[in-house]
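Before any comments, here is the structure.
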There are 2 protein chains.
Amino acid sequence: MTNNKVLAIVSGGLDSTTMLWKLQADGYEVMETISFNYGQRHTKELDGLEKILSAFEEQFGREIESKVVDIRVMRDLAEAGAVMGNEELPKQAYDAETQRVTIVPNRNAVFINLAAARAVAMEYRYVAYAAHSNDHSVYPDCRPEFVEAMDRALELANAWTPVNLMAPFVNSSKADIVRVGKELGVPFELTWSCYEGGDRPCLQCGTCIERTSSFVQAGTPDPLLTSKEWEEAKTYLPAPEQ
Amino acid sequence: MTNNKVLAIVSGGLDSTTMLWKLQADGYEVMETISFNYGQRHTKELDGLEKILSAFEEQFGREIESKVVDIRVMRDLAEAGAVMGNEELPKQAYDAETQRVTIVPNRNAVFINLAAARAVAMEYRYVAYAAHSNDHSVYPDCRPEFVEAMDRALELANAWTPVNLMAPFVNSSKADIVRVGKELGVPFELTWSCYEGGDRPCLQCGTCIERTSSFVQAGTPDPLLTSKEWEEAKTYLPAPEQ
């Protein structure tokens, strides 16, 4: 029997949530999700994950396990100075630190390799992550050539229990992801993208603008927006980068 | 000016210690070492690292920073069941768990990628680890083709701040490493290999046997052994696998 079991790297955001639905539609068995908590602001993303997995179970009758891995150690690695616990940092420095973490080097590669450790231990055949083409210009670890090289490295490192890397959206834009998600009935209202972590999307931060403009481009209203916000967004948001 | 700064993945054992001396001899600047504490038994290896770095400074007049990263989270990943803290495990289960960790999947790849995050943050040009040919048959992540693939993945993932992977002993046997170390004046007496973590090497475990037979093959007495132990070792130890 073919092993088509997948461990999916997810954040609770739009891209990785849609990836779960896409993998299911493509005939893969998503067995478990893995998420990384490295003290980022938008932990609200992770809070929503439970609801997303419940919605998945309701729609497809399949339960997906979830695992959150504490990877705050990456903050120490990105710091030039001595290792400090957060409790020693004043509020302002903490915020600065948290911001810097959003550009922690080699992040996706670390996540993928920790996920691969889990996948091999559980004999899942694939690790999947939601890299997409809007990120190609800024994040080299979202590009097809990186996916290919890391896939090869994973395969060679785990020769006894092969594991491969999947990135089903690597050649899709975020607007394409909205189109796919709409088609597959993804509960967009449960996904969260805003970096600010408020009760409602701020509609000002980079991720809010990228998300909203992707919905505009796909011609599908974002259910997180009021109809007034949506009408306004349609008139002034620029098209997203491809 | 060429950036020849290196972050070296070390354990305090024979191979990675000799690698520090080799990198220095080859004209690289080892700026910092990185070690991973994942609750393994032979933390004695790490205890010796400080002395090794002092000996290095005395011999070459260069100080090397050191960093130990807590990566016990890998235990949770290798476990099939629920996540548990060590304090909840009875002694026996803890030992069993610790043993299992010695075969935690994808370990070197995770270490290399965490090290790469650090290297990029500090603008070190290379990450080095001490893979050698005795391990090729058992550990696929010590083979030249893995080194090549992971090097490519690191380079692509960090396109803005290139980092490359070095494995200077990847085509050397452990006996070759002893020969190189002898030549370069490596303080073998400060290095530790035994898994048992006693005051003296047990001379029974796999790593003790591999170490001793490599010294025998290189024709150099291991300073950790008494002359009586050394004479005995010469008569009955099999040659190490190549």
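The values are calculated or read from the model by the stated rules, or taken from the named source; none is laboratory data. These numbers were taken from a predicted model, which means no experiment stands behind them. For neighbour counting, all protein chains shown are included, and Cβ atoms are generated from backbone atoms with ideal geometry for every residue, glycine included.
Miscellaneous remarks
- Hits in segment A:144-166 (condition: surrounded by fewer than 23 Cβ atoms within 10 Å (Cβ to Cβ) and assigned to a loop (DSSP other than H, G, I, E, B)): A:N158, A:A159, A:W160, A:T161, A:P162
- Single residue of segment B:1-39 satisfying the filter (within 14 Å of the chain's Cα centre (by Cα) and in a loop (DSSP other than H, G, I, E, B)) that is modelled with the highest pLDDT: B:V10
- Taking the numbered list (1) surrounded by 24 or more Cβ atoms within 10 Å (Cβ to Cβ); (2) more than 7 Å from chain A (Cβ to nearest Cβ); (3) part of a helix (DSSP H, G or I) in turn, B:A116 passes all entries but (2).
- Scanning segment A:44-55 for residues that are surrounded by fewer than 16 Cβ atoms within 10 Å (Cβ to Cβ) and at pLDDT below 80 yields a single hit, A:D47.
- Yes/no for A:E155 being of a type in the set (D, E) and in contact with a strand residue (DSSP E or B) (Cβ under 7 Å, 6 or more places away or on another chain): yes
- Residue among A:D141, A:D135 that alone is surrounded by fewer than 23 Cβ atoms within 10 Å (Cβ to Cβ) and either at the interface with chain B (Cβ under 10 Å from one of its Cβ atoms) or over 20 Å from A:Q24 (Cα atoms) (or both): A:D135
- Test: residue in segment A:155-164 that is more than 7 Å from chain B (Cβ to nearest Cβ), modelled with pLDDT of 95 or more and under 17 Å from A:K22 (Cβ atoms): yes
- Single match in A:V104, A:V69 (criterion: farther than 17 Å from B:N108 by Cα, at pLDDT 50 or above and either in contact with a Ser or Thr (Cβ under 8 Å, 6 or more places away or on another chain) or hydroxyl-bearing (S, T, Y) (or both)): A:V69
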